[in-house]
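Values quoted throughout were computed directly from the atomic coordinates according to the rules given, and no laboratory measurement underlies them. A quick note: this is a predicted structure, and the numbers were derived from the prediction, not measured. Glycine gets a Cβ as well: all are built from the backbone with ideal geometry, and neighbour counts include every protein chain shown.
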2 protein chains.
Amino acid sequence: MPRLERETRKKRPFDLPQQAVVLNVLRDNELFQHRFGQLFREYGLTQPQYNALRILRGEGGPLPCLEVASRMIAVVPAITRLLDKLEARDLITKRQDAGDRRVWNVAITSKGLNLLAKLDKPLLDMYRALCGHMTKTECNQLVKLLEKARQRITPESPESS
Amino acid sequence: MPRLERETRKKRPFDLPQQAVVLNVLRDNELFQHRFGQLFREYGLTQPQYNALRILRGEGGPLPCLEVASRMIAVVPAITRLLDKLEARDLITKRQDAGDRRVWNVAITSKGLNLLAKLDKPLLDMYRALCGHMTKTECNQLVKLLEKARQRITPESPESS
DNA sequence: TGGATATACTTTACATATCAACTATTTACA
DNA sequence: TGTAAATAGTTGATATGTAAAGTATATCCA
């Protein structure tokens with residue numbers, strides 16, 4: 001019996017190889033997310049909060065709220081509340097755009113940058129702890145296949161099927 | 001620039017191949033979950049609700065609440081509410097165990113089975129729509145690598161590091 | 001046999017995902 | 001110009017993930 005079916009004590013085999021792909025992705029994700037969630041919480045963050053901050057750090061400057069949302073594959077209303085909470089903790093700033101007053105630009109603060117910096121090393125350690133038993137070649141191969149697996153799905157607008 | 005970094009407009013390359021693995025798993029999962037969530041909602045279910053029902057159908061008989069939780073990698077309090085809601089909709093039954101009165105056994109009802117049956121074909125279509133461009137060989141290889149990737153993580157008790 | 005411990009949940013509280021509906025502002029165009 | 005449509009974001013309601021604390025029952029063991 002393949003591994004996932006044994007782990008979940010599933011009685012029926014997979015109907016399709018594609019089904020096995022999807023369910024195994026979901027499974028790995030659950031396990032990974034659980035660990036990362038624990039780490040982030042030690043630093044007073046949740047995963048989505050961390051993601052938003054990391055996007056802003058990577059950008060290096062202000063971004064419109066919806067741009068942050070699209071990079072996170074977050075549904076729009078979720079971003080409003082998430083960013084509001086980060087702003088309330090002074091981890092980001094949120095300012096109305098001068099040119100288009102519908103737009104609110106958010107940027108990471110130095111307090112936010114400091115918090116992220118504290119997480120950099122523990123995160124690298126976590127990556128190694130979770131997947132350090134895989135060789136670089138295996139990792140690259142797995143990444144390539146994961147890229148191909150999501151090829152048919154538009155990343156920018158998940159709702160456009 | 002590797003694909004995920006371009007998709008998310010990330011400016012820095014990955015520090016580790018293991019990091020790329022984890023982040024690509026999270027990415028595929030987000031995209032997959034989004035699509036499946038939409039499908040389930042058309043049938044009045046959420047993903048966790050569907051999972052619980054599928055576990056009970058697969059089992060073919062009653063299971064203790066916590067057994068359902070462990071197969072879903074759900075934290076315990078979440079299961080209580082989820083199962084209560086399914087019971088309120090008559091999709092499952094929940095009965096106190098005669099031998100051990102701490103235990104509540106849940107089982108899927110015929111109404112629950114009918115609902116799941118309606119989803120079987122759309123789900124197979126979805127698997128094909130998402131990953132149908134991958135060959136069987138690629139799927140199997142990807143599954144093997146995903147299994148290896150989670151090898152170090154105990155599936156039964158995610159909290160036991 | 002009785003008290004400490006373990007087990008199987010439940011309850012509460014807070015954060016996020018999701019949809020639907022709404023506000024404010026801008027753009028397109030007749 | 002002025003009205004319809006599009007865009008950017010907010011608000012409200014329901015469901016789940018998570019931790020912490022509580023309840024009921026069972027088990028261990030001195």
Response to the item:
About its Cα centre, the protein assembly as shown carries a charge dipole, from +1 on Lys and Arg Cβ atoms and -1 on Asp and Glu Cβ atoms, whose size in debye to the nearest 20 is 160 debye
Practice prompt. For the stretch A:15-149, give the magnitude of the charge dipole about the Cα centre (Cβ charges: +1 Lys/Arg, -1 Asp/Glu; no others), in debye to the nearest 20.
Written response: 300 debye
Fill in: Among A:60, A:99, A:112, residue whose mean-square fluctuation peaks in a GNM of chain A (springs only between Cα atoms under 10 Å)
A:99
Worksheet, complete the sentence: For chain B, the helices passing both cut-offs (Cα extent along own axis of 15 Å or more, Kyte-Doolittle mean at least 0.0, full DSSP H runs) are B:76-88, B:110-131
Worksheet item: Add -39500 (n - 2.57) for each DSSP H run of 4 or more in chain B, then divide by its residues: what number comes out at 222 nm, to the nearest 500 deg cm²/dmol?
Response: -20500 deg cm²/dmol
Practice prompt. Mind scanning A:118/A:148; A:121/B:144; A:148/B:136 and naming the pairs with a C-alpha gap bigger than 23 Å?
Written response: A:118/A:148; A:121/B:144
Discussion item. Please compute, for peptide A:121-128, the average count of beta-carbon atoms on other protein chains lying within 10 Å of each residue's beta-carbon.
Written reply: 3
Worksheet item: Which value in nm describes the separation of the simple spin-label points at residue B:118 and residue A:95, placed 7 Å from the Cα toward the beta carbon?
Response: 5.2 nm
Response to the item:
Checking B:39, B:123, B:16 against a Gaussian network model of chain B (alpha-carbon springs below 10 Å), the top fluctuating residue turns out to be B:16
Worksheet entry | Cβ neighbours within 10 Å from other chains - mean over B:32-43 | 3
Practice prompt. Could you work out how far the C-alpha centroid of the stretch B:64-91 sits from that of the stretch A:45-110, in angstrom?
Written response: 34 Å
Worksheet item: Over all residues in B:131-141, what is the mean tally of Cβ atoms on other chains that come within 10 Å of each residue's Cβ?
Response: 6
Response to the item:
So, with points 7 Å from each Cα along the Cβ direction, the residue A:46-residue A:128 label distance in nm works out to 3.1 nm
Response to the item:
With the 8 Å Cα cutoff and a minimum separation of six or more residues, the stretch B:28-161 has a relative contact order in percent of 22 percent
Discussion item. Looking at chain A, identify the longest residue range that excludes and avoids all GluC sites (Glu not before Pro) in DSSP loops having at most 16 other Cβ atoms within 10 Å.
Written reply: A:1-155
Fill in: Extreme residue, positive dipole direction of chain B, given options B:70, B:32, B:53 (C-beta unit charges)
B:32
